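Structure record follows, encoded as structure tokens.
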Amino acid sequence: MPEDPEMTSIVSSTNEVRRRATGERQGGREERTMTLARTRRQARILALQILYEVDVAGHRLDEVLERYRTESQIPQPVRRYAERLVTGVHADLERIDRMIGEAAPAFPVEQLPPVDRNILRIAIYELLHEPDVPLKAAINEAVEIAKQYGGESSSRFVNGVLGTIAANLASSGS
């Protein structure tokens, strides 16, 4: 059956109206997912910088956050998610560090390289408190950030610790 050019045009126009109404562009859901993933990656890196400064330099979290809030180069969605990560880690730090210690008893948390320690903290916070972040995504992102900013064996260490924690969470039903 030959296609009716007029019907094809109407269907195409209807689809375009739907895309515009829902904010969808060519690529639709996939494009939005990629944008969200990039925003979260940037936010995790920003959160790592903030937590590293607080951890290593001993600066107060509220002062560091205020300085980053005034940085106009940081897109608002990145800043918001980074703040959520940082304040969440800070609020649940004792529990998160205890989980790291239990998953890697041979490596005292306070003796871990600060980059590794804070990458783990961010990922564990996401595993515990960000249900819209898939478990695999949280772990993979932490491993990729460890490859970029950590030492030679950081990514393997981060992957091992997070794998253990994820298995513990799954077995406990959390």
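In this simple spin-label model, placing a label point 7 Å from the Cα along the Cα-to-Cβ direction at both residue 66 and residue 144 gives a separation of 3.5 nm. Report the full-extension gain for the segment residue 153 to residue 34: residue separation times 0.36 nm, less the Cα-Cα distance, to one decimal in nm. Between residue 153 and residue 34, full extension yields an extra 40.0 nm.
For the range 39-165, the calculated P(r) over all alpha carbon pairs, in 5 Å bins from 0 to the bin holding the longest distance, is 2, 12, 23, 26, 21, 11, 4, 1, 0 percent. Carbon-plus-sulfur accessible fraction, the range 53-129 (probe radius 1.4 Å, protein heavy atoms only): 51%. Local charge for residue 37 was computed over the other residues whose Cβ lies under 14 Å away, with Lys and Arg +1 and Asp and Glu -1, and equals 0.
The values are calculated or read from the model by the stated rules, or taken from the named source; none is laboratory data. Only a predicted model underlies this, so the values are computations on that prediction, with no experimental measurement involved. All Cβ positions, even for glycine, are placed from backbone atoms using ideal geometry, and neighbour counts span all protein chains on display. Heavy atoms of the whole protein, side chains included, go into the accessibility calculation; ligands, DNA and RNA do not. Shrake-Rupley method; radii C 1.70, N 1.55, O 1.52, S 1.80 Å.
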